[in-house]
Amino acid sequence: MTNVQRWYRKLLTDPVRLERHSRVKKAYYQRNRERLIAKRKQYRLDNRELVLARNRAYRLANRERLMARSRQWWLNNRGRARLKRKEYILTHYNEIREERQAYRQHVKLEVFNHYGTMCACCKESNIVFLAIDHINGGGNQHRRENGIHAGVGFYRWLIVNNFPDDFQVLCYNCNWAKHRLGKCPHQDGLSTS
């Protein structure tokens with residue numbers, strides 16, 4: 001056992017020493033607060049990956065306890081938390097909207113990069129006009145059964161389920177025609193009149 005370990009063991013077993021040590025530590029922190037905070041911040045920046053890995057491991061090891069503590073805090077502070085969230089949303093509305101739009105665009109691009117960026121029927125390639133189509137139809141029923149909302153919720157479902165094969169890219173016109181007519185007019189030279 002090292003001298004430091006012996007000293008620490010004595011400290012833990014003697015309440016008077018422990019209280020004095022705690023008081024000294026607190027006073028030291030108060031005197032050097034700014035410097036210590038800056039040092040801690042710099043350490044986190046210099047060792048970002050190590051800190052993230054350590055935090056991730058801690059959260060995994062203590063997941064249930066952390067969730068219970070978070071749940072209990074929410075139950076005790078529900079009204080205050082809602083007010084703070086509402087206040088934050090009102091003061092940062094434009095930033096939140098831009099972040100959400102960027103996220104939706106990112107998810108959409110990820111899906112289209114997997115399935116393709118061109119209509120399978122008419123070869124339209126402008127992503128603004130493209131949609132994901134259920135090859136065998138039944139999109140509404142599929143979304144209802146799986147509790148999926150259209151748009152980004154559907155794109156997230158595709159990503160989480162590892163991009164199932166029963167989907168294709170169609171432009172909105174071809175997708176609507178397939179829904180209404182059973183087949184797109186581009187196929188077999190069908191006429192809309």
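Both radii come from the Cα set of the chain: Rg as radius of gyration, Rh as Kirkwood radius; their ratio Rg/Rh reads 1.23.
Length available on full extension from ARG59 to LEU18: 0.36 nm per residue minus the Cα-Cα distance, which gives 11.8 nm.
Every helix of 4 or more DSSP H residues in the chain counts as -39500 (n - 2.57), and over all residues that averages to -22000 deg cm²/dmol at 222 nm.
Residues whose amide H falls under 5 Å from that of PHE167, counting only those 5 or more places apart or on a different chain, are ILE135, with hydrogens built in the peptide plane.
Reducing region 112-140 and region 14-38 to their Cα centroids gives an inter-centroid distance of 63 Å. Which residues among region 102-136 fall inside the zone where the amide N is under 12 Å from a point 7 Å beyond the Cα of ASP166, along Cα→Cβ? Residues passing the 12 Å test: 134-136.
Near CYS119: Cβ cut-off under 13 Å, other residues only, Lys/Arg at +1 and Asp/Glu at -1. The net charge is 0.
When the charge dipole of the chain is built from unit charges on Cβ atoms (+1 for Lys and Arg, -1 for Asp and Glu) and taken about the Cα centre, the candidate among GLN30, GLY182, GLY137 whose Cα reaches farthest toward its positive end is GLN30. Mind checking which of LYS178, LYS26, LYS84 has the largest fluctuation in a GNM of the chain, springs on alpha carbons under 10 Å? Among LYS178, LYS26, LYS84, the largest mean-square fluctuation in the Gaussian network model of the chain belongs to LYS26. Using only side-chain charges placed at the Cβ, +1 for Lys and Arg and -1 for Asp and Glu, the dipole size of the chain relative to its Cα centre rounds to 2380 debye.
Read-outs throughout are calculated quantities, based only on the coordinates presented, and are distinct from any laboratory measurement. Just so you know, these numbers come straight off a predicted model, no measurement behind them. Positions of Cβ are generated from backbone atoms using ideal geometry, with glycine treated the same way; all protein chains shown enter the neighbour counts.
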